[in-house]
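*Asks:* Sharing a structure with you now.
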Amino acid sequence: MQTDLYRHKGMRRTLVKQLRDKGIRDERVLAAIETVPRHFFFEKAFLEQAYQDKAFPIGEGQTISQPYTVAFQTELLKLKSTDKVLEIGTGSGYQCSVLLQITPHVYTIEYNKPLYDKAVKFFKTYGLFPQTFHGDGSEGLPQYAPFDKIIVTAGAPGVPKSLIRQLNIGGILVIPVGGESSQKMLRITRTSETEFTKEEFDTFKFVPLLGKSGWDAETM
Ligand code: SAM
């Protein structure tokens with residue numbers, strides 16, 4: 001278990017200032033980033049990297065997302081403290097820990113078993129209580145739907161219809177969609193039983209969403 005010292009808090013304040021300068025405005029999101037010790041997700045030797053605004057390898061060919069990306073996606077969700085949220089791609093557990101600062105109702109699913117096991121251990125060690133699942137989350141978690149918000153933290157080839165169906169009316173799906181080298185961030189809002197709006201934001205670069213509604217794991 002790592003400790004969170006005064007100097008770490010100072011590094012987070014600097015990071016939050018950078019995120020503000022880059023355009024993040026939601027105070028709850030900025031407060032959540034300032035609260036979660038990102039260095040807990042890194043080996044001790046990589047402390048400096050933990051508070052740079054950069055993605056970083058977490059093993060298994062996967063990455064902990066860049067803080068700006070985490071903040072941007074979380075801001076797009078327009079999160080409320082009562083929201084029931086599904087995160088697809090637990091990875092290190094960092095994004096999930098940020099979501100948990102705003103709402104306690106977080107479900108998170110990870111495809112990669114070693115990463116899943118590590119994240120579960122992390123949550124237990126640091127007293128966090130998301131609902132954790134191992135498996136292919138590309139089609140959501142139908143047995144626990146509906147959700148107010150769904151966030152996908154891996155790049156998808158398209159918007160899986162099953163995810164939209166798992167949104168409440170008024171619910172929001174934030175998902176990066178595109179090719180393997182870059183994706184557009186999309187926000188899909190379910191406005192009625194049958195209607196949706198789609199907004200397109202900046203370009204990002206995510207590791208691929210695998211599984212049934214993702215990229216074919218066999219050909220990656
Ligand atoms: N949210 C993570 C964090 O805060 O560290 C970063 C996620 S990383 C960019 C993307 C994650 O999505 C990887 O851990 C990968 O194994 C996972 N993933 C890819 N396809 C998936 C699927 N079909 N279902 C669940 N997780 C998936």
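*Asks:* What strands (runs of 3 or more DSSP E), lying completely within the stretch 152-220, carry at least 3 residues that are within 14 Å of the ligand (Cβ to nearest atom)?
*Replies:* Output list reads 167-178.
*Asks:* Working carefully through the options Ile188, Ile172, find the one that is in contact with a Lys or Arg (Cβ under 7 Å, 6 or more places away or on another chain), touching a residue at least 40 places away in the same chain (Cβ under 8 Å) and within 23 Å of Asp148 (Cα to Cα).
*Replies:* Only one candidate qualifies: Ile172.
*Asks:* Looking only at the stretch 35-71, count every residue that is among the charged types (D, E, K, R), modelled with pLDDT of 90 or more and more than 14 Å from the chain's Cα centre (by Cα) and tell me the total.
*Replies:* Result for the stretch 35-71: 2.
*Asks:* Next question. For the list (1) of a type in the set (Ser, Thr, Tyr); (2) touching a Ser or Thr at 6+ places or on another chain (Cβ under 6 Å); (3) more than 19 Å from Glu87 (Cβ to Cβ), I need the number of the one condition that Thr194 fails.
*Replies:* (2) is the only condition that Thr194 fails.
Here's the yes/no breakdown for (1) more than 9 Å from the ligand (Cβ to nearest atom); (2) under 13 Å from Ile33 (Cβ atoms):
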site: Leu76; (1), (2): yes, no
site: Gly91; (1), (2): no, no
site: Cys96; (1), (2): no, no
site: Gln101; (1), (2): yes, yes
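*Asks:* Related question: With touching a residue at least 40 places away in the same chain (Cβ under 8 Å), buried (at least 20 other Cβ atoms within 10 Å of the Cβ) and either touching a helix residue (DSSP H, G or I) at 6+ places or on another chain (Cβ under 7 Å) or within 25 Å of Thr203 (Cβ to Cβ) (or both) as the only criterion, which of Ile64, Ile88 stands out?
*Replies:* Ile88
*Asks:* Filter the stretch 104-131 down to the residues that are in a strand (DSSP E or B), buried (at least 20 other Cβ atoms within 10 Å of the Cβ) and not charged (D, E, K, R) and list them by number.
*Replies:* Val106, Tyr107, Thr108, Ile109
The values are calculated or read from the model by the stated rules, or taken from the named source; none is laboratory data. Keep in mind the model is a prediction, meaning the values are calculated, not measured. We place every Cβ from the backbone using ideal geometry, glycine too, and count neighbours over all the protein chains shown.
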